[in-house]
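> One structure, pasted below without further comment.
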Amino acid sequence: MKRAVNALQNFGKSLYGPVLILPIVGLFIAFGNVLGNGNLAEYLPFLGHPLIQNIGQLIAKSAVSVLVNLALVFAVGIPIGLATRDKGYAALIGLVTFVVFINAMNVTLQLQGELAPADQMKAAGQSMVLGVQVLEMGVFAGILTGALSGYLYNKYSGVQFNGAMAIYSGHCFVAIVMLPVSMLLGVVMSELWPFAQHGISALALAIKGAGPAGVAIYGFLERILVPTGLHHLVYTPFLYTELGGTQEVCGATYQGARNIYFAEMACPEVKQLSSTVVWDARGISKMFGLPAAALAMYMTAKPERKAIAKAILIPAALTSLLVGVTEPIEFSFLFVAPMLFVVHAVLTGIGMMLFSLFGVHAIGANGVIDFILYNLPLGTEKSNWPMYILVGLVMFALYFAVFRFLILRFNMKTPGREDDDQETRLYSKQEYQAKGNNDGLGESIVVGLGGRENIEVVDNCYTRLRVTVKDVTVIDEPRLKATGAKGIIKQGNNVQVVYGLHVKKMREAVETFL
């Protein structure tokens with residue numbers, strides 16, 4: 001069980017790199033769409049100029065190409081996340097593995113006489129990937145080859161030979177191993193993937209058949225797993241694989257809710273977004289729910305502690321509202337009132353279920369900034385964003401009422417309600433800056449993690465320092481919290497120290513000290 005948890009933690013972390021790139025791609029698509037779709041020309045006449053229109057289409061359609069080659073992004077990105085050393089070489093191994101894999105599959109299909117004519121590829125479950133005709137595996141091809149590359153890279157990149165064979169040591173030896181493995185994998189998947197595809201299609205139909213209830217369960221699981229760091233494993237398949245839907249947009253086929261949304265956003269022929277976007281409407285809690293929860297905690301704070309509660313809650317609520325980063329506000333009540341976190345997960349599921357029931361087609365995964373850039377330029381016909389806001393306001397009221405009732409009813413020690421002998425420690429801006437520039441910060445974190453000898457791997461995601469240690473029992477949580485940590489999560493041999501958006505500085509401080 002310990003090994004399984006560690007493996008899932010590491011795999012979930014490895015997905016983060018590729019996933020983080022895609023919202024940036026979406027922003028470029030949105031920007032190109034603003035310039036190229038002409039919807040705003042009546043308000044800003046210069047947007048109707050042919051040159052502006054052409055520039056917009058250039059930006060949007062160029063960025064959409066990333067979605068078409070998404071499997072390659074995962075094939076290269078996952079080894080970077082999994083590798084414990086020389087991540088650049090790991091990425092190169094991932095690239096080589098993917099190229100060899102798709103060509104091995106193509107040759108196998110050709111030898112078996114199963115390559116479909118160009119006009120029958122879709123019916124045969126085949127597609128073109130980097131100019132090579134293969135079975136339509138979508139992003140699963142990149143996830144499979146990327147995970148295998150990362151695992152074997154960690155296992156064999158330390159192999160060293162002496163004498164004339166030394167040139168084949170390290171990452172060169174990994175390449176020697178990976179070439180035949182990727183060829184064999186291409187042959188095996190040529191036989192097995194049709195059966196796996198059938199199972200995935202059946203699962204997708206079952207989830208779709210569950211209707212709003214299935215959406216509610218998805219929303220609940222996506223939130224309840226946040227403390228473990230495994231929530232990436234819930235939403236990634238729905239956003240980037242067939243589980244989130246399959247749609248033909250402007251002559252090309254896309255899989256996954258976010259891919260379909262971005263493609264439809266850039267396609268002028270699409271007059272209304274498809275309902276698959278509901279799987280990427282996770283912003284219901286980020287934009288409306290958690291700010292309401294913060295308001296409830298502030299309103300229920302003790303009068304003499306309201307100023308302290310405000311200093312904690314307002315920045316955390318704004319971070320969630322504007323950019324969709326929820327850990328600061330969630331960790332303000334996760335450990336002191338875990339019941340509230342369960343309720344938060346349930347309410348998130350309810351909010352997403354309402355989106356499904358009311359046919360909301362607007363996207364809102366990462367806060368107000370993304371919401372405005374993605375949806376408003378499309379107009380209310382293509383993206384019914386006013387309905388998103390209406391449902392969001394309903395959820396704001398529900399969150400506030402439920403959180404306020406539970407906090408008062410069970411006397412929960414949320415920010416501003418601590419006992420008199422408890423101190424709420426806040427850092428001033430000057431203290432924070434001094435702490436950030438303190439050469440001893442890395443040393444303090446390393447000591448808190450049990451010392452240099454206890455640390456095996458140091459990495460980070462968007463808000464968390466992710467560390468693999470030898471012994472979690474020697475972790476000094478008070479010392480870590482003194483460095484600014486908002487929470488510490490232990491799963492197997494993995495420790496996640498939640499710092500927030502400045503986590504990259506913390507990782508660099510640790511690496512510099514080590």
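The values are calculated or read from the model by the stated rules, or taken from the named source; none is laboratory data. Every value quoted in this text rests on a predicted model; they were computed, and no experiment measured them. When we count neighbours, we look across all protein chains shown, and the Cβ atoms used for this are built from the backbone with ideal geometry, even at glycine. The protein model used for the area step is the full one, side chains on, heavy atoms only, and it has no ligands, DNA or RNA in it. Shrake-Rupley method; radii C 1.70, N 1.55, O 1.52, S 1.80 Å.
> Name the residues whose placed amide hydrogens come within less than 5 Å of the amide hydrogen of VAL457, ignoring near sequence neighbours (fewer than 5 apart) on the same chain.
THR468
> Structure shown: which of LYS87/LYS505; LYS61/LYS504; LYS155/LYS505; LYS155/LYS486; LYS302/LYS505 lie over 26 Å apart, alpha-carbon to alpha-carbon?
In this structure, LYS61/LYS504; LYS155/LYS505; LYS155/LYS486; LYS302/LYS505 exceed 26 Å between Cα atoms.
> Show me, for the range 64-73, the HN-Hα J-couplings you get by feeding each phi into the Karplus relation (A = 6.51, B = -1.76, C = 1.60, θ = phi - 60°), rounded to Hz, glycine and proline as x.
Karplus-based 3J(HN,Hα) across the range 64-73 equals 4, 4, 4, 5, 5, 10, 5, 4, 5, 4 Hz.
> Using alpha-carbon positions, what is the distance between the centroids of the range 483-514 and the range 119-189, in Å?
Answer, in whole Å: 32.
> What order, most packed first, do the peptides 243-252, 207-216 have when packing is the mean number of other Cβ atoms within 10 Å of each residue?
243-252, 207-216
> How large is the dipole of the chain about the Cα centre if only Lys and Arg carry +1 and Asp and Glu carry -1, each at its Cβ, rounded to the nearest 20 debye?
940 debye
> Rounded if a/c is under 1.5, else prolate if a/b is larger than b/c, else oblate: which is the chain, with a ≥ b ≥ c the root eigenvalues of its Cα gyration tensor?
oblate
> Under 5 Å between amide hydrogens, which residues at least 5 positions from VAL129 or on another chain qualify, with H placed 1.01 Å from N in the peptide plane?
VAL134
> Okay, next question. Taking H as built 1.01 Å from N, whose amide H comes closer than 5 Å to the amide H of PHE161, not counting residues under 5 places away?
Residues meeting the criterion, in which the H sits 1.01 Å from N, are SER169, GLY170.
> How large is ³J(HN,Hα), in whole Hz, for each residue of the range 48-57 in order, when computed from phi with the Karplus curve 6.51 cos²θ - 1.76 cosθ + 1.60 and θ = phi - 60°, using x for Gly and Pro?
Computed from phi, the couplings for the range 48-57 are x, 5, x, 4, 4, 4, 5, 4, x, 5 Hz.
> Now for a separate question. With the full set of protein chains in place, find how many percent of the accessible area of the range 163-217 is carbon and sulfur; take the probe as 1.4 Å.
Carbon and sulfur atoms account for 82 percent of the accessible area of the range 163-217.
> Here's something else I'd like to know. Say the dipole of the range 1-121 comes from +1 at the beta carbon of Lys and Arg and -1 at that of Asp and Glu; which of ALA63, ALA90, VAL100 then lies farthest toward its positive end?
ALA90
> Run lengths n ≥ 4 of DSSP H only: what is the helix-derived mean residue ellipticity at 222 nm for the chain, with -39500 (n - 2.57) per run over all residues, to the nearest 500?
Roughly -19500 deg cm²/dmol at 222 nm, from the helical runs in the chain.
> Now a separate question. Ordering GLU477, GLU418, GLU222 by accessible area with a probe of 1.4 Å, largest first, what comes out?
Order by accessible area, largest first: GLU477, GLU418, GLU222.
> To continue, here is another question. Taking θ as phi - 60°, what are the ³J(HN,Hα) couplings along the range 278-293 by the Karplus curve (6.51, -1.76, 1.60), each to the nearest whole Hz, with x for Gly and Pro?
4, 5, 10, 9, 5, x, 4, 7, 6, 8, 10, x, 5, x, 5, 4
> Between Rg and the Kirkwood Rh of the range 168-262, both from Cα atoms, what is the Rg to Rh ratio?
Over the Cα atoms of the range 168-262, Rg/Rh equals 1.11.
> Mind checking the per residue accessible area of the range 351-404 for me, 1.4 Å probe, whole number of Å²?
40 Å²
> Can you give the accessible area per residue of the range 114-220, in Å², using a 1.4 Å probe?
Per-residue accessible area for the range 114-220 comes out at 52 Å².
> Is the range 40-199 rounded, prolate or oblate when judged by the Cα gyration tensor, a ≥ b ≥ c being the square roots of its eigenvalues, rounded requiring a/c under 1.5 and prolate requiring a/b larger than b/c?
Oblate is the answer for the range 40-199, as a/c is 1.5 or above yet b/c matches or exceeds a/b.
> With no other cysteine's Cβ closer than 4.7 Å, which Cys residues of the chain count as lacking a disulfide-compatible partner?
Singleton cysteines: CYS172, CYS461.
> Over the chain, what relative contact order in percent results from Cα pairs under 8 Å that are six or more residues apart?
Value for the chain: 14 percent.
> At a 10 angstrom cut-off on C-beta neighbours, averaged per residue, how do the peptides 46-58, 387-399, 77-89 rank from highest to lowest?
77-89, 387-399, 46-58
> Now a separate question. Suppose we keep just the alpha-carbon trace of the range 1-122; what are its Rg and Dmax in angstrom?
Radius of gyration, then largest Cα-Cα span, for the range 1-122: 20.5, 62 Å.
> In square angstrom, what is the accessible area per residue of the range 437-514 with a 1.4 angstrom probe?
Accessible surface, normalised per residue, equals 44 Å².
> Right, another one. Using packing as a proxy for protection, rank 116-126, 13-23 so that the peptide with the highest average count of other Cβ atoms within 10 Å comes first.
Highest mean packing first, the order is 13-23, 116-126.
> Quote the FRET efficiency, to the nearest 0.05, computed for TYR462 versus HIS49 with a Förster distance R0 of 35 Å and r equal to the Cβ-Cβ distance.
0.35
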